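**Q** One structure is given below, represented as structure tokens, and several questions about it will come after.
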Amino acid sequence: MATQRPTIAILGAPDVPPPPNLDEISELGTVRSCTAETLPDALAGSDILLVWDFFSRALRDNWGPATAGLRWVHVCAAGVDSLLFDELRESDIVVTNAAGVFDQPIAEFVLASILARDKQLHLTKRLQRERAWKHRETTRTAGSSALVIGTGGIGRATARLLRAVGVRVTGAGRTARENDPDFGAVLATDDLVSYVGQFDNVVAIAPLTPQTERMINADVLSAMRPDAHLINVGRGQLVDEAALIAALASEQIGAASLDVFTDEPLDPASPLWVMDNVAVSPHMSGDVIGWRAELARQFLANLQQYVTTDGPPAEVLGNVIDKKRGYVVSGGRRAGDSRL
């Protein structure tokens, strides 16, 4: 149990509203609201840092004496690649994330992307603008196959939803295994090039780590089916973007639905914008109406555990990140779950 009322630095951004439950958070701790510019003053003496501006790298920039009292950092995102750095990894500070909030919305976005391509919805809209009546036959989604790269919560929600509409799903992860409850078989990502050509759809949802960066490279793209559909809702850096552009331009693969990019916003000069076989969306696959309120509720639930439950933060809190791996290890307690 926290021995005294904790001090909570909330790192926001000028154009982002604060957590909607700020009053409830303030009942449990002393709140210091700040931006990247004012973070140094807010950090000094703080026990907790809530990274509400979840792509900010300001903690890295202000590491030092001001962070000496930090015990817990919570980032309001599923991926923590923008937050982690060597000094934080090696410290005793517990890092938690927003695992669970984005699972179903991103799964729905993946399904929508597959259906939009199979049913030619993007082409239909273009033809509508041209007032062109052009009857076509579309692809049956049931019975098609999908490889879901990333077997965490988002990958599992995606697998369950795709299976519900008749898609044959296989997983890809760090360790190969059979009889997985959501994927059936999970194949080792180290061998990706050897089996990626078996699938109609390839979905990238893996966390960004040194091991997964540019895992979908020129060799993997060349091994995919010529009509394959790549969907990236993980991180842009999972894919070698230059190799992808070349593969799409040469019709080495059939299509791509891309919600994330190496550099964001996507450069207006990027050829991805104008390719007929590419759907571009602005990193929005998990952002459903009410998502910020859900993020705030999740942090509050974890904060309540922190201030009322005996034990060190790593054992009390949900969604604890394995800082060496860069993600929540399967089987860990979810934030908001009262089970310890």
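The values are calculated or read from the model by the stated rules, or taken from the named source; none is laboratory data. The shown structure was predicted, so the numbers you read here are calculated from the model rather than taken from an experiment. Reconstructed Cβ throughout: ideal geometry from the backbone, glycine too, with neighbour counts over all protein chains shown.
**Q** Are any residues in the stretch 281-322 crowded, with 20+ Cβ neighbours inside 10 Å, in a loop (DSSP other than H, G, I, E, B) and of a type in the set (A, V, I, L, M), and if so, which ones?
**A** Across the stretch 281-322, the qualifying residue is only 317.
**Q** Something else now. Among strands (runs of 3 or more DSSP E) lying entirely in the stretch 79-191, which contain 3 or more residues that are surrounded by 21 or more Cβ atoms within 10 Å (Cβ to Cβ) and at negative phi?
**A** Working: elements: 94-96, 145-149, 168-173, 177-180, 184-188.
Counting at least 3 such residues, we get 94-96, 145-149, 168-173.
**Q** Can you find even one residue in the stretch 131-144 that is β-branched (Val, Ile, Thr) and out of contact with any Asp or Glu (no Cβ under 9 Å at 6 or more places or on another chain)? Before you say what the answer is, go through the steps one by one.
**A** Initially, the stretch 131-144 is screened for residues β-branched (Val, Ile, Thr), giving 138-139, 141.
Still in the list and also out of contact with any Asp or Glu (no Cβ under 9 Å at 6 or more places or on another chain): none.
No.
**Q** When the stretch 196-245 is examined, which residues are found to be surrounded by fewer than 17 Cβ atoms within 10 Å (Cβ to Cβ) and either outside the structural domain of residue 168 (by TED's automatic domain parsing) or touching a residue at least 40 places away in the same chain (Cβ under 8 Å) (or both)?
**A** 198 - this is the single residue of the stretch 196-245 that is surrounded by fewer than 17 Cβ atoms within 10 Å (Cβ to Cβ) and either outside the structural domain of residue 168 (by TED's automatic domain parsing) or touching a residue at least 40 places away in the same chain (Cβ under 8 Å) (or both).
**Q** What residue, among those in the stretch 76-94 that are among the hydrophobic types (A, V, I, L, M, F, W, C) and within 12 Å of the chain's Cα centre (by Cα), is farthest from residue 301 (Cα to Cα)?
**A** The initial filter retains those residues of the stretch 76-94 that are among the hydrophobic types (A, V, I, L, M, F, W, C), namely 76-78, 80, 83-85, 88, 93-94.
Next cut, within 12 Å of the chain's Cα centre (by Cα) only: 76-78, 80.
Values: 76: 13, 77: 16, 78: 17, 80: 20 Å.
Taking the candidates together, the pick is 80.
**Q** I'm checking my understanding of the structure. Among residues of the stretch 45-75 that are of a type in the set (Gly, Ala, Ser) and touching a residue at least 24 places away in the same chain (Cβ under 8 Å), which one is surrounded by the most Cβ atoms within 10 Å (Cβ to Cβ)?
**A** If we filter the stretch 45-75 for residues that are of a type in the set (Gly, Ala, Ser), which is where we start, we get 45-46, 56, 58, 64, 66, 68-69.
Now drop any that are not touching a residue at least 24 places away in the same chain (Cβ under 8 Å), which leaves 45-46, 56, 58, 66, 69.
Working: 45: 14, 46: 26, 56: 19, 58: 21, 66: 18, 69: 15.
Filtering first and then ranking leaves 46.
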